[in-house]
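Beneath this line is the structure, given in structure tokens, with notes to follow.
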Amino acid sequence: MADVSKSDSILDRIAEHRSLLEEAPGTWPAKRRLAAAVRELTDCICATDANEDELLAAAQQIEAQAHRFAAQPRMVNPPGVAEMALAGGMEIFHDRSPLMGLSNPMAPPLELEPDMEAGEIRGGVDFGNAYEGAPGCVHGGFLAAALDEALGMACIFSDSPGMTGELTIRYLKPTPTKTPLRVEARLDRIERRKIYTSGEILAGDVVTVRATGIFISIAREKFEELREAQQRRGEEPESP
């Protein structure tokens with residue numbers, strides 16, 4: 001069970017920033033709509049048997065859009081972070097997350113929420129055609145990534161953000177695509193800078209994947225250093 005006193009501050013911050021997640025400011029609603037459209041298109045492409053002319057016509061249109069967006073301004077200082085394991089040390093806004101980001105067309109997207117009374121992270125995900133490995137089954141790499149995100153978010157109960165040090169995955173049953181899945185994770189214990197978490201993915205009442213993780217507690221200043229280094233890389237001129 002999580003230590004309520006330790007996790008209250010982070011959970012309060014999540015609650016304060018909930019409006020950002022539900023009613024995103026500025027152009028984020030438009031980005032979410034665009035990402036959802038691209039996500040739907042990706043799912044269709046992975047399953048389509050359209051003829052060559054249709055495919056080439058679509059490719060031409062999409063290439064034109066890609067070139068159009070390449071010429072648009074880029075975000076200088078994006079809000080929040082893309083990984084929930086870092087939520088304790090940065091702004092709680094993860095629209096760019098490759099797992100949870102409503103503005104990231106790569107994201108399924110995974111939905112996760114902290115349950116303070118139970119001391120658990122709970123949520124769900126539905127992996128479409130783009131995430132298939134074996135026929136009708138979610139590719140194991142995406143399942144591992146989803147659990148990495150959930151176990152990382154469970155670090156909020158330690159009152160400290162962390163970065164993945166070790167992730168152990170056990171695949172117990174095939175996990176079906178195009179099926180609502182439950183995701184659960186929790187804080188197990190803390191040993192100095194090591195944060196131990198565990199979790200699972202369920203299809204119905206069947207556990208298909210289990211995971212344990214060790215996350216390394218990182219000071220907020222380290223995240224600021226990483227962001228500054230990212231900005232410096234972005235300012236460097238491109239190689240010819």
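Structural remarks
- Residue match in the stretch 29-37 (condition: surrounded by 12 or more Cβ atoms within 10 Å (Cβ to Cβ), modelled with pLDDT under 95 and more than 16 Å from Met106 (Cα to Cα)): yes
- Failed item, numbered, when Glu221 is tested on (1) in a helix (DSSP H, G or I); (2) surrounded by 15 or more Cβ atoms within 10 Å (Cβ to Cβ): (2)
- Of residues in the stretch 139-177 being more than 16 Å from Ala211 (Cα to Cα) and modelled with pLDDT of 95 or more, the one surrounded by the most Cβ atoms within 10 Å (Cβ to Cβ): Thr177
- Residue, surrounded by the fewest Cβ atoms within 10 Å (Cβ to Cβ), within the stretch 179-197, restricted to residues that are in a strand (DSSP E or B) and among the basic types (Lys, Arg): Arg189
The values are calculated or read from the model by the stated rules, or taken from the named source; none is laboratory data. All of these numbers come straight from a predicted model, not from anything done at the bench. Reconstructed Cβ throughout: ideal geometry from the backbone, glycine too, with neighbour counts over all protein chains shown.
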